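Asker: Attaching a single structure in structure tokens format; questions to follow.
Read the figures in this text as sums done on the coordinates, not as results from a lab. Every value quoted in this text rests on a predicted model; they were computed, and no experiment measured them. Positions of Cβ are backbone-derived with ideal geometry, glycine not excepted, and every protein chain shown enters the neighbour counts.
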Number of protein chains: 2
Amino acid sequence: MSADGFDVRELIRAKRDRRAHAPDQIRAFVAGFARGDVPDYQVSAWLMAAFLNGLDAAETDALTEGLLGSGRRFDWSALGRPTADKHSTGGVGDKVSLILAPVAAACGVLVPMVSGRGLGHTGGTLDKLESIPGFRTRLSPEAIRAQLDRVGVVMVGQGPDLAPADGKLYALRDVTGTVERDYFIVPSIVSKKIAEGAGAIAYDVKCGNGAFMKDPGAARALALRLVATTRALGAKAAALVTDMSQPLGEAVGNALEVREAVALLRGGGPSDVRALTLDLAALMLRDAGVAADVGAGRAAAERALASGAAWERFTAMVEAQGGDAKVLDRADGLPSAPVRVTVAAPRSGAIAAIDTFAIGERVVAIGGGRRAAADAVDPRVGMIVRARLGDTVRAGEPLAELHTVREDAESALRIAACFTIADTAPAAPALVIERID
Amino acid sequence: MSADGFDVRELIRAKRDRRAHAPDQIRAFVAGFARGDVPDYQVSAWLMAAFLNGLDAAETDALTEGLLGSGRRFDWSALGRPTADKHSTGGVGDKVSLILAPVAAACGVLVPMVSGRGLGHTGGTLDKLESIPGFRTRLSPEAIRAQLDRVGVVMVGQGPDLAPADGKLYALRDVTGTVERDYFIVPSIVSKKIAEGAGAIAYDVKCGNGAFMKDPGAARALALRLVATTRALGAKAAALVTDMSQPLGEAVGNALEVREAVALLRGGGPSDVRALTLDLAALMLRDAGVAADVGAGRAAAERALASGAAWERFTAMVEAQGGDAKVLDRADGLPSAPVRVTVAAPRSGAIAAIDTFAIGERVVAIGGGRRAAADAVDPRVGMIVRARLGDTVRAGEPLAELHTVREDAESALRIAACFTIADTAPAAPALVIERID
């Protein structure tokens with residue numbers, strides 16, 4: 001029996017035997033785990049029972065509340081403006097947050113964004129930002145508040161006081177084979193977003209060969225659960241299921257992606273990144289209450305890009321967080337790799353498939369990402385992807401340009417092998433597969 | 001990755017996904033757990049995955065080998081005689097070990113019996129023996145060897161060097177809801193019996209309302225697994241599935257059961273205890289190779305009882321282990337309770353059912369057993385059960401005689417309620433339901 005008067009053994013047996021938990025049992029269980037009263041070995045037995053026997057919607061919501069309750073919860077209501085945020089499940093070349101957050105701020109929404117680092121084949125927003133010299137991603141709660149009030153947007157790492165039980169639970173899931181379940185993933189994501197004080201959240205759930213979820217049906221199910229649980233915890237939510245069967249935009253790699261984001265913020269940049277940013281902004285602005293509907297939200301976001309207001313918010317954020325915004329204006333301002341290797345098309349034809357996962361993995365392999373959480377990241381390396389699905393190429397034309405620290409024939413060969421060139425290609429897939437709203 | 005070059009996470013995921021383990025993976029896993037290299041939280045996740053998804057026969061055997069390999073294994077071959085033992089899954093009034101072990105010793109078989117204590121509604125052989133003043137159940141390996149050579153029988157508790165991973169694993173199963181599975185129970189039992197050096201094992205798997213297994217089918221399945229795994233580990237084995245829908249014999253409680261065992265060893269005592277002892281002895285003696293078949297084994301066991309040879313082995317063992325064998329000859333020699341309460345039949349009729357579990361629980365409640373492993377046991381208390389299934393009783397006749405430390409009307413009422421008296425009763429069940437041989 002725990003001090004809360006519930007029996008952890010009985011809770012484990014209940015899930016083992018497919019009996020549902022009452023919400024307050026789950027909250028007490030997580031609270032006990034967070035305090036150290038419920039030992040790891042009982043939590044991991046419960047995790048495996050739940051992995052195999054499932055958690056329903058009410059249980060998922062309660063687990064989210066339990067994780068949320070383990071730490072502080074920011075409340076920005078005194079600042080007098082609506083709050084919103086976005087979350088992506090992770091892809092290759094996904095620099096949308098860097099553009100979207102200042103766009104929303106420029107439209108009058110506070111964006112208290114807590115982001116993560118790259119792990120595995122996908123990049124992380126914090127790593128990208130840290131390619132800007134001086135940029136700090138650890139701020140005190142007081143500094144976050146002051147910046148949010150003054151600049152309207154802040155992008156930081158998860159402090160130890162936000163949903164600490166989530167990190168502890170993830171560490172246990174990681175070593176006990178209990179990672180890949182929606183009802184564990186959703187509480188982990190939502191508890192942090194609610195803890196940071198976001199009142200409206202737009203989710204970008206990616207699917208395809210560059211995403212963690214390969215299958216649109218699985219991505220849709222996750223999107224539905226994210227939206228439902230976020231709403232159950234009192235925030236507004238919407239989601240897009242988006243295609244990740246090719247990199248998003250052209251740049252993959254930290255400094256290269258910042259450069260592309262800067263191009264977007266100044267009104268240029270690849271059209272797919274721009275389109276997805278506007279689609280997510282439309283949801284955020286509507287749900288934050290600063291736009292009447294998605295059409296009005298999209299229009300406001302377009303104005304924020306066209307007017308330079310979003311760019312101004314971005315540079316103000318960079319300066320506020322210790323970064324040197326002046327470097328962003330110079331072509332050679334950000335760290336750049338000493339070696340460029342052009343990857344040429346081995347034959348003429350149409351791009352029929354791109355192994356997006358392998359592209360992400362190759363960027364990790366050349367130093368642009370992490371295999372383990374403690375690895376260092378080289379901000380300079382990465383690649384510019386020149387060919388997109390459905391494009392026609394001639395033999396010898398560039399498919400991609402590799403940015404590396406040394407000549408690397410193996411990587412060039414491997415990148416070339418990521419592109420399937422056929423006589424004909426299917427139609428390029430739609431970027432937004434479904435909106436969950 | 002562990003030092004043995006196998007990945008515990010992969011092992012957990014395999015069982016989670018219903019993939020079978022190679023035997024050497026399980027052995028390395030248990031060895032790592034025994035050394036402390038594999039943490040509890042990974043073992044408990046695996047336990048839950050195996051609880052829900054199962055272990056096949058080869059995996060069960062390998063788990064047994066892993067537990068066995070975590071400690072020492074006695075080898076009595078230098079003593080030049082066959083070894084054998086028995087194991088009961090636990091019942092109410094089951095004092096067979098006290099009689100059977102000296103019977104086998106009297107027939108030329110070495111019995112290096114490692115026994116347990118009572119927990120829950122069933123008694124334990126060590127508690128029974130310790131009602132004999134001075135009897136010690138902790139002996140050094142050297143003392144065990146010397147006694148086995150000289151007396152032929154020793155009855156001790158499990159030392160810390162016999163299958164230590166079993167105790168560690170059981171502690172984890174107990175707090176993670178992963179106790180009740182044959183493929184966990186079998187390795188726990190068999191590893192200890194093989195470690196003590198028994199070359200032939202007779203199992204008594206009990207079923208009915210006084211047993212851990214209520215259902216004959218489940219008891220049969222456990223008996224089959226016990227026999228198969230024991231044989232896989234190189235020992236001979238046979239099993240009886242026996243009825244536990246009423247107490248075995250008349251005495252329930254530690255000193256009372258020793259007194260009944262003494263009566264048996266001197267040629268008297270209840271016929272059911274005698275019959276079961278002879279049936280198990282027949283299997284042990286045959287499998288140890290000192291009898292040609294079960295008929296010859298049974299005859300040898302009967303002679304050992306009739307000649308006093310088994311009684312002589314028992315008293316020699318008691319003396320060798322520090323006990324005062326002289327008290328066994330006196331009616332008041334063993335500790336006895338100060339109060340006797342007769343439980344009378346409330347009506348005339350036939351005994352149609354006996355709540356054997358409740359009888360065991362009541363003996364625990366009056367101090368004769370343990371609810372927790374640290375509880376003390378009062379050797380004096382218990383009861384003599386006078387009525388058996390199918391017996392005809394008249395109102396006011398004794399159903400049982402309670403031996404307690406104080407007048408206890410509540411216990412008397414509760415014991416009376418354990419007997420269902422009807423106008424007619426079904427035929428008394430057979431004691432031996434099936435032989436697995």
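Asker: Using modelled amide H (1.01 Å from N, peptide plane; none on Pro or chain starts), what sits under 5 Å from the amide H of residue A:242, excluding residues fewer than 5 places away?
Answerer: A:205, A:206, A:207, A:433
Asker: Could you work out the Kirkwood radius for the range A:193-281, taking every pair of different alpha carbons, averaging 1/r and inverting it, reported in Å?
Answerer: Its Kirkwood hydrodynamic radius stands at 14.4 Å.
Asker: Taking H as built 1.01 Å from N, whose amide H comes closer than 5 Å to the amide H of residue B:88, not counting residues under 5 places away?
Answerer: Correct list: B:204.
Asker: What is the spread of the Cα atoms of the range B:1-72 along each of their three principal axes, largest first, in whole Å?
Answerer: Largest to smallest, the principal-axis extents are 31, 24, 19 Å.
Asker: Which entries in A:15/B:168; A:86/A:128; B:95/B:128; B:168/B:193; A:168/A:192 show an alpha-carbon gap greater than 19 Å?
Answerer: In this structure, A:15/B:168 lie more than 19 Å apart at Cα.
Asker: Another question about this same structure. Towards the positive end of the charge dipole of chain B, with charges on Cβ (+1 Lys, Arg; -1 Asp, Glu), say which of B:255, B:365, B:396 has the farthest Cα.
Answerer: B:255
Asker: Translational diffusion coefficient, Stokes-Einstein: compute it for chain A using the Kirkwood radius over C-alpha pairs as Rh, at 10 °C and 1.306 mPa s, and state it as an integer in µm² s⁻¹.
Answerer: 71
Asker: Given the alpha-carbon gyration tensor of the range B:274-355, what are the semi-axes of its equivalent ellipsoid in whole angstrom, ordered largest first, with each equal to the square root of 5 times an eigenvalue?
Answerer: One finds semi-axes of 33, 25, 10 Å for the range B:274-355.
Asker: Which order do the peptides A:362-375, A:200-213 take when ranked by the mean count of other beta-carbon atoms within 10 Å per residue, highest first?
Answerer: A:200-213, A:362-375
Asker: Rg and Dmax of the range B:1-142 over Cα atoms: what are they, in angstrom?
Answerer: Answer for the range B:1-142, Rg first and Dmax second: 19.5, 54 Å.
Asker: Tilt of helix B:216-232 relative to the longest C-alpha principal axis of chain B, in degrees (0 to 90, nearest 10)?
Answerer: Here the helix axis deviates by roughly 50 degrees.
Asker: To the nearest whole percent, what portion of all C-alpha pairs in the range B:77-329 is separated by more than 31 angstrom?
Answerer: More than 31 Å apart: 16 percent of the Cα pairs in the range B:77-329.
Asker: So, one more: Order the peptides A:84-95, A:281-292, B:221-232 from the highest to the lowest mean number of other Cβ atoms within 10 Å of their residues.
Answerer: A:84-95, A:281-292, B:221-232
Asker: Output the 0 to 90 degree angle, nearest 10, between the alpha-carbon long axis of helix B:182-195 and the longest principal axis computed from the alpha carbons of chain B.
Answerer: It is inclined by approximately 90 degrees.
Asker: Using only the C-alpha atoms of the range B:194-245, find the volume of their convex hull and express it per residue in Å³.
Answerer: That works out to 65 Å³ per residue.
Asker: Sticking with the crude label model, points 7 Å out along Cα→Cβ, report the distance from residue B:18 to residue A:371 in nm, one decimal please.
Answerer: Each label point is offset 7 Å from its Cα along the Cβ direction, giving 3.4 nm.
Asker: Count, for each residue of A:177-187, the Cβ atoms from other chains sitting within 10 Å of its Cβ, then give me the mean as a whole number.
Answerer: 2
Asker: Here's another thing I want to ask about it. May I ask which residue of B:305, B:318, B:294 lies farthest towards the positive end of the charge dipole of the range B:285-337, with charges of +1 (Lys, Arg) and -1 (Asp, Glu) on Cβ and the Cα centre as origin?
Answerer: B:294
Asker: Sticking with this one: Summing Lys, Arg as +1 and Asp, Glu as -1, what charge do residues with Cβ under 14 Å from the Cβ of residue A:297 carry, residue A:297 excluded?
Answerer: Here the charged neighbours net out to +1.
Asker: For residue A:432 and residue B:215, what is the calculated FRET efficiency with R₀ set at 51 Å and r taken between the beta-carbons, to the nearest 0.05?
Answerer: FRET efficiency, residue A:432 to residue B:215: 0.35.
Asker: Here's another thing I want to ask about it. Just to compare against my own numbers: the Cα pair-distance distribution for the range A:110-152, 10 Å bins, whole % per bin, please.
Answerer: 25, 50, 22, 3
Asker: Output needed: percent of Cα pairs per 10 Å distance bin for the protein assembly as shown, bins running from 0 to the one holding the longest distance.
Answerer: Cα pair-distance distribution for the protein assembly as shown, in percent: 2, 11, 17, 17, 13, 10, 9, 9, 8, 3, 0, 0.
Asker: Shifting gears a bit: Output the relative contact order of chain B, whole-number percent, from Cα pairs under 8 angstrom with separation of 6+ residues.
Answerer: Once normalised by length, the contact order is 19 percent.
Asker: While we're on this one: Calculated from DSSP H runs of 4 or more alone, at -39500 (n - 2.57) each and per residue, what is the 222 nm mean residue ellipticity of chain B, nearest 500?
Answerer: Computed ellipticity for chain B at 222 nm equals -13500 deg cm²/dmol.
Asker: At 7 Å along Cα-to-Cβ for each site, give me the label-to-label distance between residue A:326 and residue B:342 in nm.
Answerer: Between residue A:326 and residue B:342, the simple spin-label model gives 10.9 nm.
Asker: If you take each beta carbon of peptide A:29-41 and count the beta carbons of other chains within 10 angstrom, what is the mean?
Answerer: Average per residue, whole number: 2.
Asker: Output needed: percent of Cα pairs per 10 Å distance bin for the range B:339-422, bins running from 0 to the one holding the longest distance.
Answerer: 19, 50, 24, 6, 0
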